[in-house]
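Peer 1: Quick one: this structure, given as structure tokens, is what I'll be asking you about.
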Amino acid sequence: MNPYISAGSHYNKDDNKYPNHSGDLPMIYSNNGYSFMLYYTARFTPKDILNRSVIIHKMQDDLMTDPAGNSGERIECGVIEKVL
């Protein structure tokens, strides 16, 4: 079974090579089920990612295996929406 398959594949606006896909974000770690991350990038703008998916994988990215770093199954998914 492949959960969240409807979210599609990695966002890669500029056709960069892995692990520098436009949509690749740093690994996030949790503490008792909570995590928080701020990330500044020039790989995309807010307009570029509006209405796109965010996927969290179960395992750590190995930074070698294309396209998802052998990071295991998708365990969470969300959509980036504009909030007024």
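Table: residues versus (1) surrounded by 12 or more Cβ atoms within 10 Å (Cβ to Cβ); (2) aliphatic (A, V, I, L, M).
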residue: PRO3; (1), (2): yes, no
residue: SER9; (1), (2): yes, no
residue: ASN20; (1), (2): no, no
residue: GLY33; (1), (2): no, no
residue: PHE36; (1), (2): no, no
residue: LEU63; (1), (2): yes, yes
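Peer 1: Can you name the condition, by its number, that VAL54 falls short on among (1) in contact (Cβ under 8 Å) with a residue 40 or more places away in the chain; (2) surrounded by 13 or more Cβ atoms within 10 Å (Cβ to Cβ)?
Peer 2: With respect to (1) in contact (Cβ under 8 Å) with a residue 40 or more places away in the chain; (2) surrounded by 13 or more Cβ atoms within 10 Å (Cβ to Cβ), VAL54 is out only on (1).
For (1) β-branched (Val, Ile, Thr); (2) out of contact with any Asp or Glu (no Cβ under 8 Å at 6 or more places or on another chain), each residue gets a yes or a no:
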position: ILE5; (1), (2): yes, yes
position: PRO26; (1), (2): no, yes
position: SER30; (1), (2): no, yes
position: ARG43; (1), (2): no, no
position: ASN51; (1), (2): no, no
position: HIS57; (1), (2): no, no
position: GLY69; (1), (2): no, no
position: VAL83; (1), (2): yes, yes
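Peer 1: Taking the residues in segment 44-78 that are acidic (Asp, Glu) and not in a loop (DSSP other than H, G, I, E, B) as candidates, determine which candidate is modelled with the lowest pLDDT.
Peer 2: Looking at the filtered set, the residue picked out is GLU76.
The values are calculated or read from the model by the stated rules, or taken from the named source; none is laboratory data. Given the structure is predicted, the values throughout are model-derived calculations rather than measurements. When we count neighbours, we look across all protein chains shown, and the Cβ atoms used for this are built from the backbone with ideal geometry, even at glycine.
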